[in-house]
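Report on the following structure.
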Amino acid sequence: LAECIVGDIAPSDNVPPKIKQQMEHDAIQNIANLLEQTTFHNQNQNNPNNERTNAKQHLLSIFEEYEQRQSRESKLVKDLDLLDMIIQAGEYEQQHYQQQQHQVGDGDEKDDSTQLDLSEFFEGTPPSRFQNEFIQSIAMEVHQQREERRSEELVMIANRKKTQNDKKEEIKRT
(Lines give C-alpha, C1' and ligand atoms only; values in the text may rest on other atoms or scores of the structure.)
Protein backbone atom coordinates (compact mmCIF):
# COMPACT_ATOMS: atom_id res chain seq x y z
CA LEU A 1 0.00 0.00 0.00
CA ALA A 2 2.86 2.38 0.82
CA GLU A 3 4.18 1.94 -2.72
CA CYS A 4 1.28 4.03 -4.03
CA ILE A 5 3.05 7.00 -2.45
CA VAL A 6 6.77 6.13 -2.34
CA GLY A 7 6.82 4.04 -5.51
CA ASP A 8 8.26 0.58 -5.93
CA ILE A 9 11.78 1.01 -4.57
CA ALA A 10 14.13 -1.49 -6.22
CA PRO A 11 17.58 -2.57 -5.05
CA SER A 12 19.10 -0.66 -7.98
CA ASP A 13 17.67 2.56 -6.50
CA ASN A 14 20.34 2.28 -3.79
CA VAL A 15 17.99 3.41 -1.05
CA PRO A 16 19.29 2.14 2.30
CA PRO A 17 16.86 -0.29 3.96
CA LYS A 18 16.32 1.92 7.01
CA ILE A 19 15.42 4.91 4.82
CA LYS A 20 13.11 2.78 2.66
CA GLN A 21 11.41 1.46 5.79
CA GLN A 22 10.97 5.01 7.13
CA MET A 23 9.57 6.23 3.80
CA GLU A 24 7.03 3.39 3.75
CA HIS A 25 6.12 3.96 7.40
CA ASP A 26 5.56 7.68 6.72
CA ALA A 27 3.43 6.85 3.67
CA ILE A 28 1.23 4.45 5.64
CA GLN A 29 0.92 7.05 8.37
CA ASN A 30 -0.25 9.61 5.78
CA ILE A 31 -2.80 7.17 4.40
CA ALA A 32 -3.96 6.24 7.90
CA ASN A 33 -4.40 9.91 8.78
CA LEU A 34 -7.03 10.11 6.05
CA LEU A 35 -8.99 7.52 8.03
CA GLU A 36 -8.86 9.42 11.34
CA GLN A 37 -12.66 9.72 11.66
CA THR A 38 -13.56 6.41 10.02
CA THR A 39 -14.77 3.41 12.00
CA PHE A 40 -16.14 0.04 10.95
CA HIS A 41 -17.55 -3.15 12.43
CA ASN A 42 -14.53 -5.40 12.81
CA GLN A 43 -15.88 -8.93 12.81
CA ASN A 44 -12.96 -11.02 13.96
CA GLN A 45 -12.08 -13.15 16.95
CA ASN A 46 -10.32 -10.27 18.72
CA ASN A 47 -13.57 -8.30 18.72
CA PRO A 48 -16.24 -10.70 20.02
CA ASN A 49 -18.70 -7.90 20.84
CA ASN A 50 -18.50 -6.59 17.26
CA GLU A 51 -17.59 -3.11 18.49
CA ARG A 52 -16.71 -0.39 16.04
CA THR A 53 -12.98 -0.19 15.26
CA ASN A 54 -11.01 2.90 14.33
CA ALA A 55 -9.85 2.41 10.72
CA LYS A 56 -6.66 4.41 11.23
CA GLN A 57 -5.51 2.29 14.15
CA HIS A 58 -6.53 -0.90 12.38
CA LEU A 59 -4.56 -0.01 9.24
CA LEU A 60 -1.47 0.86 11.28
CA SER A 61 -1.85 -2.37 13.23
CA ILE A 62 -2.08 -4.64 10.19
CA PHE A 63 0.78 -2.78 8.50
CA GLU A 64 2.96 -3.42 11.54
CA GLU A 65 1.84 -7.06 11.58
CA TYR A 66 2.87 -7.34 7.93
CA GLU A 67 6.22 -5.63 8.49
CA GLN A 68 7.04 -7.83 11.49
CA ARG A 69 5.67 -11.04 9.88
CA GLN A 70 3.71 -11.63 13.06
CA SER A 71 0.99 -13.86 11.65
CA ARG A 72 0.65 -16.67 9.18
CA GLU A 73 -1.36 -14.37 6.92
CA SER A 74 1.25 -11.60 6.96
CA LYS A 75 3.98 -14.12 6.12
CA LEU A 76 1.94 -15.42 3.20
CA VAL A 77 1.21 -11.91 1.90
CA LYS A 78 4.93 -11.03 2.07
CA ASP A 79 5.86 -14.24 0.25
CA LEU A 80 3.31 -13.47 -2.46
CA ASP A 81 4.68 -9.94 -2.78
CA LEU A 82 8.21 -11.31 -3.24
CA LEU A 83 6.99 -13.94 -5.70
CA ASP A 84 5.20 -11.29 -7.72
CA MET A 85 8.42 -9.29 -7.89
CA ILE A 86 10.56 -12.11 -9.32
CA ILE A 87 7.87 -13.22 -11.75
CA GLN A 88 7.54 -9.64 -12.99
CA ALA A 89 11.34 -9.25 -13.31
CA GLY A 90 11.49 -12.47 -15.33
CA GLU A 91 8.70 -11.27 -17.61
CA TYR A 92 10.52 -7.96 -18.20
CA GLU A 93 13.70 -9.82 -19.16
CA GLN A 94 11.79 -12.12 -21.49
CA GLN A 95 9.87 -9.27 -23.14
CA HIS A 96 13.12 -7.37 -23.74
CA TYR A 97 14.70 -10.40 -25.38
CA GLN A 98 11.63 -11.07 -27.53
CA GLN A 99 11.58 -7.45 -28.71
CA GLN A 100 15.22 -7.77 -29.72
CA GLN A 101 14.46 -11.00 -31.56
CA HIS A 102 11.63 -9.28 -33.39
CA GLN A 103 13.90 -6.40 -34.44
CA VAL A 104 16.51 -8.81 -35.77
CA GLY A 105 13.79 -10.79 -37.52
CA ASP A 106 12.66 -7.62 -39.27
CA GLY A 107 16.09 -7.28 -40.85
CA ASP A 108 17.48 -4.78 -38.39
CA GLU A 109 21.19 -5.49 -38.68
CA LYS A 110 22.41 -3.40 -35.79
CA ASP A 111 23.86 -5.53 -33.03
CA ASP A 112 21.60 -5.01 -30.02
CA SER A 113 21.81 -8.65 -29.01
CA THR A 114 21.91 -8.07 -25.30
CA GLN A 115 19.99 -9.40 -22.38
CA LEU A 116 18.17 -7.23 -19.91
CA ASP A 117 19.74 -8.33 -16.64
CA LEU A 118 17.53 -8.03 -13.59
CA SER A 119 19.64 -10.44 -11.54
CA GLU A 120 19.53 -8.15 -8.51
CA PHE A 121 15.87 -9.04 -8.00
CA PHE A 122 16.57 -12.77 -8.14
CA GLU A 123 19.75 -12.63 -6.06
CA GLY A 124 17.96 -10.63 -3.37
CA THR A 125 15.05 -13.08 -3.39
CA PRO A 126 16.41 -16.63 -3.28
CA PRO A 127 13.91 -19.43 -2.62
CA SER A 128 15.25 -19.73 0.93
CA ARG A 129 13.81 -16.28 1.68
CA PHE A 130 10.24 -17.59 1.34
CA GLN A 131 8.57 -18.87 4.49
CA ASN A 132 5.57 -20.64 2.98
CA GLU A 133 6.63 -24.04 1.65
CA PHE A 134 4.28 -23.98 -1.34
CA ILE A 135 5.27 -20.45 -2.38
CA GLN A 136 8.91 -21.41 -1.87
CA SER A 137 8.49 -24.30 -4.34
CA ILE A 138 6.98 -21.91 -6.89
CA ALA A 139 9.89 -19.50 -6.36
CA MET A 140 12.35 -22.35 -6.98
CA GLU A 141 10.56 -23.10 -10.25
CA VAL A 142 10.66 -19.42 -11.28
CA HIS A 143 14.41 -19.28 -10.57
CA GLN A 144 15.03 -22.52 -12.48
CA GLN A 145 13.00 -21.45 -15.51
CA ARG A 146 14.86 -18.14 -15.58
CA GLU A 147 18.25 -19.86 -15.55
CA GLU A 148 17.19 -22.19 -18.37
CA ARG A 149 15.78 -19.30 -20.42
CA ARG A 150 18.87 -17.14 -19.88
CA SER A 151 21.16 -19.99 -20.96
CA GLU A 152 19.14 -20.53 -24.13
CA GLU A 153 19.17 -16.80 -24.87
CA LEU A 154 22.95 -16.63 -24.45
CA VAL A 155 23.42 -19.49 -26.92
CA MET A 156 21.10 -17.82 -29.43
CA ILE A 157 22.87 -14.47 -29.04
CA ALA A 158 26.28 -16.12 -29.51
CA ASN A 159 25.05 -17.95 -32.62
CA ARG A 160 23.60 -14.76 -34.09
CA LYS A 161 26.86 -12.87 -33.46
CA LYS A 162 28.84 -15.68 -35.06
CA THR A 163 26.56 -15.59 -38.11
CA GLN A 164 26.97 -11.80 -38.34
CA ASN A 165 30.75 -12.12 -38.07
CA ASP A 166 30.80 -14.86 -40.71
CA LYS A 167 28.82 -12.61 -43.07
CA LYS A 168 31.22 -9.73 -42.47
CA GLU A 169 34.21 -11.98 -43.18
CA GLU A 170 32.58 -13.25 -46.36
CA ILE A 171 31.94 -9.68 -47.52
CA LYS A 172 35.57 -8.77 -46.84
CA ARG A 173 36.77 -11.72 -48.95
CA THR A 174 34.66 -10.72 -51.93
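Close amide H partners of THR39, meaning residues 5 or more places away or on another chain with modelled amide H under 5 Å apart, are ALA55.
Rounded to the nearest percent, how much of the accessible area of the chain (1.4 Å probe, protein heavy atoms only) is carbon and sulfur?
Details: 5940 of 12130 Å².
The nonpolar share, carbon plus sulfur, comes to 49 percent.
Pairing the Cα long axis of helix 55-68 with the longest principal axis of the chain, what angle in degrees results, from 0 to 90 and rounded to the nearest 10? The helix 55-68 is inclined about 50 degrees to the chain. Take the Cβ atoms of LYS161 and TYR92, set R0 to 22 Å, and the FRET efficiency comes out at 0.45. Averaged over residues, the count of other Cβ atoms within 10 Å places the peptides 6-16, 90-100 in the sequence 90-100, 6-16, highest first.
Residue separation times 0.36 nm, minus the C-alpha to C-alpha distance between GLU148 and GLU3: what's the value? Present the calculation step by step, with values, prior to reporting the outcome.
Numbers: separation 145, 0.36 × 145 = 52.20 nm, distance 3.16 nm.
Stretched out fully, the GLU148 to GLU3 stretch lengthens by 49.0 nm.
Using 0.36 nm per residue of separation minus the Cα-Cα distance, give me the extension gain between LEU34 and LYS18 in nm, one decimal. Working it through step by step, the gained length comes to 3.3 nm. Output the 0 to 90 degree angle, nearest 10, between the alpha-carbon long axis of helix 72-105 and the longest principal axis computed from the alpha carbons of the chain. Helix 72-105 sits roughly 20 degrees off the main axis of the chain. Taking Cα atoms, how many degrees apart are the long axis of helix 133-173 and the longest axis of the chain, rounded to 10 and kept between 0 and 90? The angle comes out at about 20 degrees. Compared with the direct C-alpha span, the chain from ARG173 to ASP81 gains 27.5 nm at full extension, assuming 0.36 nm per residue.
The values are calculated or read from the model by the stated rules, or taken from the named source; none is laboratory data. Everything numeric here is computed off the predicted structure, so don't read it as measured data. Every residue, glycine as well, gets a Cβ built from its backbone with ideal geometry; the counts of neighbours run over all protein chains shown. Accessible surface areas use protein heavy atoms only, side chains included; no ligands, DNA or RNA. Shrake-Rupley method; radii C 1.70, N 1.55, O 1.52, S 1.80 Å.
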